[in-house]
Amino acid sequence: MSSADHGPTVRGMPPASGAHPHCDDLAERIERFLDGELDAEQVRELDEHLDDCLPCTTERELRARIRELVREGCAERAPADLIDRVRARLTAVAAGPDAGDDGD
Amino acid sequence: MTSPTASGATRPRGGTVRRAMDHEQRVRAFEEEALPHLDRMYAAALRYVRRPADADDLVQEALTTAFRAYHQVEEGSNVRAWLYRVLHTTFLSQYRRDGRRPAEDPTEHVEVAAASASSDVTPDVTPPRTAPSAEQTALSAFGPTEVKEALAALPEEQRVAVYLADVEGFAYREIADIMGSPVGTVMSRLHRGRSALRASLADYATRSGMVTTSHVREDGSDTEVRA
């Protein structure tokens, strides 16, 4: 009944069909989707739009791919002996006077 | 000493259980919670300091500092986010002793104001919808190494934010706690950082000749890449 006022558009989303005049605004929404920051309703709205919009789908894939590349590029492993050096240090700290349990 | 790194919104509270542990138990409990994150923390450290030897030092320092504050940590709290918060503050205190400021984006605070004024982050430099097919073509040759280099070229705050979101998968709220920044600022950094990575991608495509400049411009892409 309020549709006369606001139409089917929900929170800036374009209608699920027809022209997509607001696709440019959806880049941000796609980003948040990939960040896991959309609620279930927003995800549903976005999915509905993506089903119907190739450019936005391409956009999502491109952004997802860049993230993947960032993950792959930042997958360095610690030097093999770092864990032993950390352990030795923690043991020394724990045994020392500054062990932390007596507080400050 | 009282650890300054234990402060902040991600600070887990309490810890009566751990207070009762003896030294050995505490070391073991801490190792169990922290050491599975060692490789990731090292990779994170490389985003802060770049040089492997420095990253090695930074991780050791951060874990030592975290261990000293560990008795305050409540069971079931978000230890992983807390460890990254300690890493962040350790970096700030250890590597900023000389008073050197980060390579901050001078326009950041302007954009933060804009970001908090609207519900979404202001889309400013984004060429988000341009020539996706050209960008996809470029992606076939734009690998992890190129992306890593592009990431390294970002201002520190953007680089760290993108790393924490894309690699670690932290929520905006967690990143805000880790970096000690408002959520709006985090979103702004992510937005700007990712836009810059996008621009690097387009630039790479152009320079490597996969896409001619004129072709990209026909598609409306922004080839005026800011380095």
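The values are calculated or read from the model by the stated rules, or taken from the named source; none is laboratory data. These numbers come from a predicted model, not from an experiment. Here the Cβ positions follow ideal geometry from the backbone for every residue, glycine too, while neighbour counts run over all protein chains shown. With ligands, DNA and RNA removed, areas are computed over all heavy atoms of the protein, side chains included. Shrake-Rupley method; radii C 1.70, N 1.55, O 1.52, S 1.80 Å.
Given a 1.4 Å probe, show me the residues in the range B:139-180 buried by at least 30 Å² of accessible surface when comparing the whole protein assembly to the chain alone.
B:139, B:144, B:147, B:148, B:166, B:167, B:172
Need one number: nm distance between label points at residue B:25 and residue B:152, each 7 Å from Cα along Cα→Cβ, rounded to one decimal.
It is 4.6 nm.
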